[in-house]
Every structure is written in structure tokens, then in C-alpha cells.
Amino acid sequence: MDPLRSLILAAAGNDSIRRLVATTPGSRDVVRRFVAGETIGDAVTAVRGLAADGRYATLDYLGEDTTDADQAEHTVRTYLELLDRLHGEGLSARAEVSVKLSAVGQAFDEKLALDNAYRICAAAEQCHTTVTLDMEDHTTTDSTLGILAELRRTWPWVGAVLQSYLRRTEDDAKALAGPDSRVRLCKGAYAEPPEVAHDGADVDLAYVRCANVLLEGDGYPMFATHDPRLVSIVGERARWYGRKQGSYEYQMLYGVRPDEQRRLAADGDTVRVYVPFGEQWYGYLMRRLAERPANTAFFLRALVSRS
Ligand SMILES: Cc1cc2nc3c(=O)[nH]c(=O)nc-3n(C[C@H](O)[C@H](O)[C@H](O)COP(=O)(O)OP(=O)(O)OC[C@H]3O[C@@H](n4cnc5c(N)ncnc54)[C@H](O)[C@@H]3O)c2cc1C
């Protein structure tokens, strides 16, 4: 692994560095670039800001790999309160929620994770919005797709995420390309072994193959990538398949390529921004920095300048 990446990932587990980042004024601004804030109010404010220039949101309450039922319950209640607030403030047409099943119990009780996800989906329906189940490392793929299938029996609109780096994904895309389905296609963010995952340019080639499958199908594809080449290929392929704008969407992370997000939205495309919020922002921020050295330089500059 790249030494800078290993250093940042090591910092992700270091509490003193977390405190430094949380309290240094300059770094707080950088945190705010990638994370909406710690509270539901912060998340709602971010949605309003995105809506002002035509963007949509999917909100992620940060926290994963929950190991006890109380923590899972706290996560569920936060989502329920968030959905209620969005509805109350007239923003539910602008924002849905993204849920990591590991945050609601998947690692220790799959049935509890299903029940918890069920409660969030029921609330989302009442608030006239939707839920997408984030995809985590490959050991959870079957479980997550199983829970998705169960939820879709009641709510066909529950969204799935497929990762083009997994060798299995083209088959999963074919299985999920039917009517009513909502599928987010991303490259994949976890360190996976070569037996299960493509590497390098093969991930991009697989992305295009899966995009073709989803665009040719009858569902609603959601293309999550910041990669300019893929954004442009997706646009071309969408036109080739006769897809109208609005019958698919682009998704990007909060704070990443915001000008491109606005450009696509101004061109008439649907753009949804993945907005993370919550007390557990530190691990998320470190992963974003590890992904891209340019972000790290930007962050370190902010950390040492201005006190
Ligand atoms: C909305 C959304 C939801 C996601 N959900 C999941 C999920 O559920 N499960 C999962 O495993 N992964 C998820 N991911 C993460 C995803 O799998 C990738 O790890 C991440 O998006 C990086 O891949 P990329 O396609 O953006 O391109 P990369 O291969 O990282 O980058 C390609 C090119 O994109 C441009 N670019 C990338 N980052 C930046 C930046 N910060 N600033 C400027 N240009 C940049 C550069 O030109 C770069 O060369 C999600 C990503 C998004 C956007």
C-alpha cells in the first residue's frame, strides 16, 4: 500500500489526532467540506443548500460495524427522526437516506438488521421518500442482497449498490436490472482480494459493462462516480440506449467535484449528493483523504495555517 495512504489510515484509529482535527479551526473547515456536521439539523441544512441549485441528496448517518443492539437502535432512531424532519420541512422530495446494514446489526444478528432496515423503509414510505442500502465488503454481499430482496417484496423502490470491482457484479446487475429497481453503481471502496475483485483499468471496464446492462434494463440506474471519463461514457451510453435525462442519475460525494455536480445539474441531469453526517465523522474523513493525496495536501495546509 502507498505509504501516505497507510499513514492516513493509521491516523484514522488515533484518538489524539482525532481531537486535534476536531479542535483546530482551519481543519474544522476542511471537515465541513466533506461532512455536513454532527447533527440532524446540520444534515437538513446541507440538503437545503444542495436543493437551492437543483441537486438532490442521499443522507448517511455515519457509523458502521456496530457490535451491539443499543447502538443499532440509536442509529435506527436517528434515521427515523431525520426522515421526520425532512418531511416536516418539505424536503423529502429532495432527499432520501443511505443505510449501511452493518450499522443496524448485520454483523451480529442478520434478522435484527432486516427488522431495523424494515423500520427505516416503513418511515421513508410514510415520508414519501426512499432508502438505498450501501454495499460493504464482499463478505457481506450475499447477506445484503438477501435483505434487499426481502425488503423489495414490500417496497420495490429500495435501492441496491453494486461495486464494479467485484467479479460477480455483472451477473448481479443483470439480476437487478428489472422494472422498479434502483441500483447505484460504484467502483467499490474496500480492499478486496484478487480472487473476488478486478484491479486497475479492469474495474473501469467492468463499470462500463455494468452501466450498459443497467441502462438497457427497465430500472432506474444511479451512477456514483467522480471519474470524468466514466461520467462522459455514461452520458453517451444513456443517449445510445434512448434514456431520457431523469430516467437515470449521477451521484457524487459531498464536497467532491462540486462544480461538476452543478454543471451536470444545470445541463438537466439529475445529480444526487451523498451527504454524511454524525458524531463518527473522523473515520469517514480519513478514508476520503487516503483515497486522494490532493485532498490530503489541502487538508494539511488548512491544519497548519490559521489558528
Ligand atoms: C454517491 C456515492 C456512493 C457510494 N457508495 C458506495 C458504497 O455503497 N459502497 C462502496 O464500496 N463504495 C461506495 N462509494 C465509493 C466508490 O466505490 C469509490 O470508492 C469512490 O467513489 C471513488 O471512485 P470514483 O469512481 O469516484 O473514481 P476514482 O477511481 O477514485 O477516481 C477517478 C478519477 O475521478 C476524479 N476524482 C476522484 N476523486 C476526486 C476528488 N476528490 N476530487 C477531484 N477529482 C476526483 C479524478 O479525475 C480521478 O482520477 C460511493 C461513491 C459515491 C460517489
Exercise. Could you grab me the full set of residues in segment 89-142 that are of a type in the set (A, V, I, L, M), within 30 Å of residue 195 (Cα to Cα) and either within 13 Å of the ligand (Cβ to nearest atom) or buried (at least 22 other Cβ atoms within 10 Å of the Cβ) (or both)?
Key: 99, 101, 103, 104, 113, 133, 135
Quiz item: Can you tell me which residues in segment 118-149 are of a type in the set (A, V, I, L, M, F, W, C), in a helix (DSSP H, G or I), in contact (Cβ under 8 Å) with a residue 40 or more places away in the chain and closer than 15 Å to residue 97 by Cβ?
Solution: 120, 123, 124
Quiz item: What residue, of 43, 36, is at pLDDT 95 or above, of a type in the set (Gly, Ala, Ser) and touching a Leu at 6+ places or on another chain (Cβ under 7 Å)?
Solution: 43
Self-check item: Inter-residue pairs, beta-carbon under 7 Å, first hydrophobic (A, V, I, L, M, F, W, C) and in segment 281-295, second modelled with pLDDT under 80 and outside any helix (DSSP H, G or I), 6+ apart
Solution: 286/12
Exercise. Name the residue, out of 263, 237, 257, 243, that is surrounded by fewer than 21 Cβ atoms within 10 Å (Cβ to Cβ) and at pLDDT below 95.
Key: 257
Practice problem: Could you grab me the full set of residues in segment 41-71 that are within 14 Å of the chain's Cα centre (by Cα) and within 23 Å of residue 267 (Cβ to Cβ)? | Solution: 56, 57, 58
Quiz item: Of the residues in segment 176-195, how many are farther than 26 Å from residue 131 by Cβ and away from the ligand (no atom under 11 Å from the Cβ)?
Solution: 3
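Let's see how each residue does on (1) over 20 Å from residue 162 (Cβ atoms); (2) away from the ligand (no atom under 13 Å from the Cβ):
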{"position": "209", "(1), (2)": "no, yes"}
{"position": "214", "(1), (2)": "no, yes"}
{"position": "229", "(1), (2)": "no, no"}
{"position": "234", "(1), (2)": "no, no"}
{"position": "238", "(1), (2)": "no, yes"}
{"position": "250", "(1), (2)": "no, no"}
{"position": "260", "(1), (2)": "yes, no"}
{"position": "277", "(1), (2)": "yes, yes"}
{"position": "284", "(1), (2)": "yes, no"}
Quiz item: So which residues in segment 176-205 are on the phi > 0 side of the Ramachandran plot, of a type in the set (Gly, Ala, Ser) and loosely packed, with under 15 Cβ neighbours inside 10 Å?
Solution: 200
Quiz item: Is it true that residue 169 is among the hydroxyl-bearing types (Ser, Thr, Tyr), more than 9 Å from the ligand (Cβ to nearest atom) and over 26 Å from residue 245 (Cα atoms)?
Solution: no
Quiz item: Taking segment 150-175 as the search range and keeping residues that are more than 23 Å from residue 61 (Cα to Cα) and among the aliphatic types (A, V, I, L, M), which one is surrounded by the fewest Cβ atoms within 10 Å (Cβ to Cβ)?
Solution: 175
Quiz item: Could you give every pair whose Cβ atoms fall below 6 Å, whose first residue belongs to segment 153-180 and is of a type in the set (Asp, Glu), and whose second residue is surrounded by fewer than 22 Cβ atoms within 10 Å (Cβ to Cβ) and at pLDDT 95 or above, counting only separations of at least 6 or pairs across chains?
Solution: 170/209; 180/156
Practice problem: Report, ordered by the first and then the second residue, all pairs with beta carbons closer than 6 Å, sequence separation of six or more or different chains, a first member in segment 37-54 that is within 21 Å of residue 279 (Cα to Cα), and a second member that is at pLDDT below 95 and surrounded by fewer than 18 Cβ atoms within 10 Å (Cβ to Cβ). | Solution: 38/279
Quiz item: If you go through segment 127-183 one residue at a time, how many are among the basic types (Lys, Arg) and more than 22 Å from residue 94 (Cα to Cα)?
Solution: 4
Exercise. Kindly indicate whether residue 217 is at negative phi and either in contact with a strand residue (DSSP E or B) (Cβ under 9 Å, 6 or more places away or on another chain) or at pLDDT 95 or above (or both).
Key: yes
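The values are calculated or read from the model by the stated rules, or taken from the named source; none is laboratory data. Quick caveat: nothing in here was measured; it's all calculated off a predicted structure. Counting neighbours? That spans all protein chains shown, and the Cβs are built from the backbone with ideal geometry, glycine included.
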